[in-house]
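The values are calculated or read from the model by the stated rules, or taken from the named source; none is laboratory data. A quick note: this is a predicted structure, and the numbers were derived from the prediction, not measured. So basically every Cβ, Gly included, is an ideal-geometry build from the backbone, and we count neighbours across all protein chains shown. Accessible surface areas use protein heavy atoms only, side chains included; no ligands, DNA or RNA. Shrake-Rupley method; radii C 1.70, N 1.55, O 1.52, S 1.80 Å.
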Protein chains: 2
Amino acid sequence: MKTNKFIAVYHEWADMINTGEIAPLSKLPSENELAQKHETSRETIRKALQMLAENGYIQKIRGKGSVVLDVSKLSFPVSGLVSFQELAKSMGKETRTIVHEIQVVKPDERLQQSLHAKCSDEVWKVLRVREIEGEKVILDKDFFMRSFVPSLTKEICEGSIYEYLENDLGLPISFAKKEIVVEEATEEDKSVLDLDGFTHIVVVKNTVYLEDASLFQYTESRHRLDKFRFVDFARRRS
Amino acid sequence: MKTNKFIAVYHEWADMINTGEIAPLSKLPSENELAQKHETSRETIRKALQMLAENGYIQKIRGKGSVVLDVSKLSFPVSGLVSFQELAKSMGKETRTIVHEIQVVKPDERLQQSLHAKCSDEVWKVLRVREIEGEKVILDKDFFMRSFVPSLTKEICEGSIYEYLENDLGLPISFAKKEIVVEEATEEDKSVLDLDGFTHIVVVKNTVYLEDASLFQYTESRHRLDKFRFVDFARRRS
DNA sequence: CCTGTAAACTTGTATATACATGTTTCTCCT
DNA sequence: AGGAGAAACATGTATATACAAGTTTACAGG
C-alpha cells in the first residue's frame, strides 16, 4: 500500500457521489459499518468523512448519520486551485490557448510586492489568451520565480503549466490566497481580448504557495464580465 | 467544561495570529510541546492544528513543524459566511442599512427553484440597501422559508439578521453554496442604488443550509462593481 | 576539516478504548 | 391506546500507543 487508507476511502466515496452513483439526500452507512466494510478502524473512516464534509460532499449530522449533498451545481467551478485546462476538459466547450509572451524579466515594484521578490531575482512572465468558442475572453498573466522553474517552452504553456509543474518538476502546490475584484479594462485588455463593448474586467488575483509555504507564483486572470463565474462551497467558521 | 478542548486551543492560537502576537513565518511549538503546555494529548492538539491549517492560519510541514502564515491580507474578506454587519464592524467604515421591504410572499417559479419550495409555501422577502460612507452601493435581497422564521421586524432587519437567527431563534447555520457572476443592472438596481454610471452589477448568490442539511435561505447580494471585493484562502484538493 | 551515518527530533498514519451526547425504536406500564 | 422511559444506535470528544517517514543535529571516522 503506497496510498493512505483514509485518502483511498475518501476518493472511493467522492467518486461515487460525483458520478451520481449515490443520490443526493441519501444516507451513507454508519461509521462502524464503513469501518467493517473497508476493514479499518472507525477513526480512519472519520478522517475520510471529515474530508468529504469539508469539500461539500456530505453533511454529518450528530446521532443520525451522513447525508449526501447535491454536488452537481458545484461541478464546474473556478473554485479552489483548479486550472483553466483542467476546467475546460471537464466542460465540453471548445477552447484554445494562445501564448502571447514567454520571457524572463526583472520584477517591477508592483510585482516585487506580489511575489516578495528582490529586484535582482529573475521571474518568468507568461502571457496567454484563452479562447472559448471562438471568442478571446480571458487574459492570463503568470509570474513564476525562476529559481523554481529553470526552463519553460511554448509547448508547455499551450498545455497545462500546472501539470508540468506538478508532474514533471514535482513542485508540490499546496495553497493559494485569492482575490477577486473588478477593474477598468486596460489598453492591453482591449488590444488582446474581444471585449465586445465591455469597459470593465473581472480580475482574479492568485498568490500560490508550495507545501513548505514558499511563495512561488503570482497569477492574474482577467475575465470578460459575461464570461466570469465563480462557484464555491463554504462552511461557517465560528 | 462546556467548550471543547481542541476548539479552545484553536481559538487561543488563532487569536494570537490574528492580533499579530505571533509573527508570520515564525514557528509554532511542536505538537508534543503544545500537548504538554495545554495539558492534553497530542491527538487533540493535532485537531486544533488541522483547523488552523484549513483556515489559512498555519502551514504544517512534515518533519519540521508549523509555520505561521500572513493572515493580514485575509482579514477583511467577503469570504465564507460572514455577514455584512459582522464585516462592517471589523472595518472602521461608516455604514448604514436601509430596509426597503419586509413581506411574506408566495415564491415565483425562479425562487421555487432556488429555495426548493412549493408554490404553496410562504417565504419572507427582505430587501435592504447598504450604504457605505454615504453611497448606496449594495442591494441585499433575502428570502427565508417562513417555517423556520415565524416573525421578523424592521428593527431586526436593520441590525444583523444572522445574529437574530443564530442567537435568538437558535438556528444552526452550517454551510452555503456561493455563486458569483456579473449581470446587467436591472431597473430595480438603478432606482435604489447610487450606480454612478455603472451598467453592470456583481451578484453574489448564496444558498444557505442548516446543520441538518435543510435548505432555509436564498440571498442575492448585488454590489456596485467598484465596491466589490472577495478574498479567500484555498487549499489544493487533489 | 569534511563526510557519512546514526540518533534525536519533527509530523503523518493507523488502531484501540472509553465515555459523552444526540436520535430512533421499542417496550412496558398506566 | 398512549405516554414515559429504557435500550440500541448514531456521531463527537479525549486519550493512549505504535510505528512510518521527513528533517535536523551531533558525533565518529576518515
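Is there a residue in segment B:221-231 that is of a type in the set (Ser, Thr, Tyr), modelled with pLDDT of 90 or more and buried (at least 20 other Cβ atoms within 10 Å of the Cβ)? Looking through segment B:221-231, at least one residue is of a type in the set (Ser, Thr, Tyr), modelled with pLDDT of 90 or more and buried (at least 20 other Cβ atoms within 10 Å of the Cβ). If you go through segment B:197-221 and pick out every residue that is within 13 Å of chain A (Cβ to nearest Cβ) and farther than 20 Å from A:Asp70 by Cα, you end up with 7. Go through the residues of segment A:6-27 one by one and say whether even a single one is within 12 Å of DNA strand D (Cβ to nearest atom) and among the polar types (S, T, N, Q). Scanning segment A:6-27 turns up no residue that is within 12 Å of DNA strand D (Cβ to nearest atom) and among the polar types (S, T, N, Q).
Take A:Gly80 and tell me if it is small (Gly, Ala, Ser) and either assigned to a helix (DSSP H, G or I) or at pLDDT below 75 (or both). So A:Gly80 passes the test.
Working only within segment A:28-38, note down all residues that are near DNA strand D (Cβ under 10 Å from one of its atoms) and either buried (at least 16 other Cβ atoms within 10 Å of the Cβ) or outside the structural domain of A:Tyr57 (by TED's automatic domain parsing) (or both). If the condition is that a residue be near DNA strand D (Cβ under 10 Å from one of its atoms) and either buried (at least 16 other Cβ atoms within 10 Å of the Cβ) or outside the structural domain of A:Tyr57 (by TED's automatic domain parsing) (or both), then A:Leu28, A:Glu31, A:Leu34, A:Ala35 are the ones that fit.
Applying the criterion of at least 3 residues that are within 11 Å of DNA strand C (Cβ to nearest atom) and free of Cβ contacts under 8 Å to residues at least 40 places away in the same chain to the helices (runs of 4 or more DSSP H) found wholly in segment B:1-56 leaves B:31-37, B:42-54. Out of the residues in segment B:178-220 that are more than 13 Å from the chain's Cα centre (by Cα), part of a strand (DSSP E or B) and among the aliphatic types (A, V, I, L, M), state the one that is surrounded by the most Cβ atoms within 10 Å (Cβ to Cβ). My answer is B:Val202. For segment B:152-165, state whether one or more residues are hydroxyl-bearing (Ser, Thr, Tyr), open to solvent by 50 Å² or more (accessible area, probe 1.4 Å) and modelled with pLDDT of 90 or more. Yes, segment B:152-165 contains at least one residue that is hydroxyl-bearing (Ser, Thr, Tyr), open to solvent by 50 Å² or more (accessible area, probe 1.4 Å) and modelled with pLDDT of 90 or more. Within segment A:60-74, identify whether any single residue is within 14 Å of DNA strand C (Cβ to nearest atom), of a type in the set (D, E, K, R) and within 30 Å of B:Phe233 (Cβ to Cβ), and answer yes or no. Looking through segment A:60-74, at least one residue is within 14 Å of DNA strand C (Cβ to nearest atom), of a type in the set (D, E, K, R) and within 30 Å of B:Phe233 (Cβ to Cβ). How many residues are open to solvent by less than 30 Å² (accessible area, probe 1.4 Å) and at the interface with chain B (Cβ under 10 Å from one of its Cβ atoms) if we restrict to segment A:44-54? Selection size over segment A:44-54: 1. Scanning segment A:143-163 for residues that are out of contact with any Leu (no Cβ under 7 Å at 6 or more places or on another chain), assigned to a strand (DSSP E or B) and either under 26 Å from B:Val68 (Cβ atoms) or assigned by TED's automatic domain parsing to the domain that holds A:Gln113 (or both) turns up at least one hit.
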